[in-house]
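J.: Quick one: structure below, then a few questions.
Bear in mind that the values in this text are calculations on the coordinates, not laboratory data. No experiment lies behind these values; they were computed from the predicted model shown. Quick reminder, even Gly has a Cβ in these numbers, built from the backbone with ideal geometry, and neighbours come from all protein chains shown.
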Ligand code: GLU
């Protein structure tokens, strides 16, 4: 604005972008480069991919396709497999928004690595359990080793983590029920679907031949309700981001052969006119058995769960697969009816929507945070995976994911949604503290988060003052060259960073500041305008930017 102040953060964002474009402020690509390079001239490609994985992103993420393709092509042109600033920019620029978000720790689980180390511990803990029976009513299920155990998760930002046998295909079985119901509501609306099916836990075994007082199935999570639901839908594989979805024809045939109870339910439903008019009950039963026989891996199913956690948008493709109302209904019914006759007991300590299946899967949803798939074939007496139940219970005991956990006052639990302090880093204290301790990587992250690197404390001290006084040459270099801060701010006693460096005898810092001055001084005076008064912050910014969030 005319008086040099910026009145709104939107305006401020625009100003920052134009300063970046004009080369006055470093570009986001450059800031990302500094963040990952950690002071080196070049980034070896493995360093980039390791840093990327630490944020939870995968190199195979469909949202990073352009970046990864460009990286492959670019690396062939280098002799050492490393990227300088220019090559790095070329690779990241098309996906810079997602990458910046990742490295600014703006994802729902900011400290992904520490979270996943907890997950691995819980996984190990449940692995030791030996109880339970692998389902053996059909050979396709009986063949699985009781030792198989896998956990995969995908957050609403598409951060992925997997541990154990996460690439082994298994059938969804009853875990497909919530998806069928969600599709039915998505296609026809809540009112229509519930003309045919209730919303109440049945209090009876999932395959009981029984209807409610209105002669409707109790809910879509038990067989009768799921069979009616099947008569309302067509399916697609979009919910798992086009990752592994297969079909076990052998399971389908076996289910049909051993499906007398389901046929009995089908005939009963037909007698009671539970289907839409014109439904061919036996072909619906075939479709029901086919849907039970859809194969997934723990990994691909975690993306389905994440789509449910994310209001129906697949986190890794961004595609809208289901509408939010369909998803909300589904989560409600999973919460009350998803775990067979254990649903109430599960909902009590875990407080999260989940659905289990006879193959040993438990699809668990932490709404607005992540989807999780647990898979281990041994089942308890009620038909739930023994290890899966343990994992879900342990997870919620550790983290404040229970629907009714208080997020403000219940400090005993871990809150993985909140970073150790990144919310507070906006304050000048953190900036100066990082400068004081010489924590360049923290400073790089602050800069990437559009923090104003020229902020002053109440003594008008800047990060540059503090770093110069402490003799942290690397910090001084970063602030000058990457952040292009004003080299000569004066604190309330009139001292500049140069004064500090001289005073405390940090000769390397003195040399750095001198070199910087001799390099930039000529342009400096034209850009800065009022060089006489250091107190007015004559830096290279035309206006003083405020942090943008
Ligand atoms: N195919 C099984 C049935 O319909 C599914 C069982 C289950 O996963 O609960 O009986």
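J.: Quickly work out the residue 253-to-residue 40 label distance, labels modelled 7 Å from Cα along the C-beta direction, and quote it in nm with one decimal.
T.: Once both label points are built, they end up 5.5 nm from each other.
J.: Fully extended, how many nm does the chain gain between residue 190 and residue 267 (0.36 nm per residue separation, minus their Cα-Cα distance)?
T.: 25.2 nm
J.: Something else: List the relative contact order of the chain as a percent without decimals, with contacts defined as Cα pairs under 8 Å and 6+ residues apart.
T.: Dividing the mean separation by the residue count of the chain yields 16 percent.
J.: Between residue 439 and residue 493, with labels modelled 7 Å along Cα→Cβ, what's the label distance in nm to one decimal, could you check?
T.: Output for this residue pair reads 2.5 nm.
J.: Taking just the C-alpha trace of the stretch 427-517, give me its Rg and Dmax in Å.
T.: Computed over the Cα atoms of the stretch 427-517, radius of gyration and Dmax are 11.5, 33 Å.
J.: Let me ask something else about it. Give the calculated FRET efficiency between residue 53 and residue 277 to the nearest 0.05, with a Förster radius of 41 Å applied to their Cβ-Cβ distance.
T.: Approximately 0.15, to the nearest 0.05.
J.: Treat each spin label as a single point 7 Å out from the Cα along the C-beta direction, and report the residue 213 to residue 397 distance in nm.
T.: It is 4.0 nm.
J.: A follow-up question, please. Can you tell me which of 79-86, 371-378 comes out highest on packing, and rank the rest after it, using the mean Cβ neighbours within 10 Å?
T.: 371-378, 79-86
J.: While we're here: May I ask for log10 I(q)/I(0) of the stretch 127-171 at q = 0.30, 0.33 Å⁻¹, from a Debye sum over the Cα atoms as equal point scatterers with solvent left out?
T.: Scattering profile of the stretch 127-171, log10 relative to I(0): -1.14, -1.21.
J.: Sticking with this structure for a sec: Taking 2.2 N^0.38 Å as the expected size of a compact globular protein, what ratio does the Cα radius of gyration of the stretch 158-207 give against it, to two decimals? Each step should come with its number before you reach the end.
T.: Numbers: Rg = 15.7 Å, N = 50, 2.2 N^0.38 = 9.7 Å.
Relative to the rule-of-thumb radius for its length, the stretch 158-207 sits at 1.62.
J.: Let me know the whole percent of all Cα-Cα pairs from the stretch 113-239 that are separated by more than 18 Å.
T.: Value for the stretch 113-239 (Cα pairs over 18 Å): 66 percent.
J.: Continuing with this model, one more query. Would you work out if the stretch 167-249 is rounded, prolate or oblate? Take a ≥ b ≥ c from the square roots of the eigenvalues of the alpha-carbon gyration tensor; rounded if a/c is under 1.5, else prolate when a/b is larger than b/c, oblate otherwise.
T.: Because a/c hits 1.5 or more and a/b fails to exceed b/c, the stretch 167-249 counts as oblate.
J.: Computed over the Cα atoms of the stretch 253-292, what is the ratio Rg over Rh, Rh following Kirkwood?
T.: Using Cα coordinates only, the ratio equals 0.97.
J.: Let me ask something additional. Could you calculate the contour length gain from residue 143 to residue 130, that is, 0.36 nm times the residue separation minus the distance between their Cα atoms, to one decimal place in nm?
T.: Separation in residues times 0.36 nm, less the Cα-Cα distance, equals 3.0 nm.
J.: Hey, how much of the P(r) for the stretch 237-393 falls beyond 18 Å, as a percent of Cα pairs?
T.: Summing the P(r) of the stretch 237-393 above 18 Å gives 64 percent of all pairs.
J.: Rounded to two decimals, what ratio of Rg to Rh does the stretch 47-163 give with C-alpha atoms and a Kirkwood Rh? Could you put the intermediate results ahead of the total?
T.: Numbers: Rg = 19.5 Å, Rh = 17.0 Å.
Taking Rh as the inverse mean 1/r over Cα pairs, Rg/Rh reads 1.14.
J.: Going out from 0 in 10 Å bins, what whole percent of all Cα-Cα distances in the stretch 364-495 drops into each bin?
T.: Pairs per bin, as whole percents: 11, 30, 17, 16, 15, 8, 3, 0.
J.: Taking the Cα atoms only, what angle lies between the long axis of helix 177-188 and the longest principal axis of the chain, rounded to 10 degrees?
T.: For helix 177-188, the angle is close to 80 degrees.
J.: What percent do you get for the relative contact order of the stretch 265-392 when only Cα pairs under 8 Å and 6+ apart count?
T.: 20 percent
J.: Any idea what % of Cα-Cα pairs in the chain are farther than 36 Å? Intermediate results must be reported in sequence, preceding the final value.
T.: Working: 68703 of 150426 pairs.
The proportion of pairs with Cα distances above 36 Å equals 46 percent.
J.: A follow-up question, please. Could you state the principal axis extents of the C-alpha atoms in the stretch 91-143, from the largest down, to the nearest angstrom?
T.: On the principal axes, the stretch 91-143 reaches 53, 25, 17 Å in Cα extent.
J.: Dividing the convex hull volume of the alpha carbon atoms of the stretch 446-485 by its residue count, what do you get in Å³ per residue? Before the final figure, lay out the partial values.
T.: On the way: hull volume 2.4 nm³, N = 40.
Convex hull of Cα atoms, per residue: 60 Å³.
J.: Sticking with this structure for a sec: Could you please tell me the mean projected area of the C-alpha convex hull for the stretch 273-330, averaged over all directions and given in square nanometres to one decimal?
T.: 5.5 nm²
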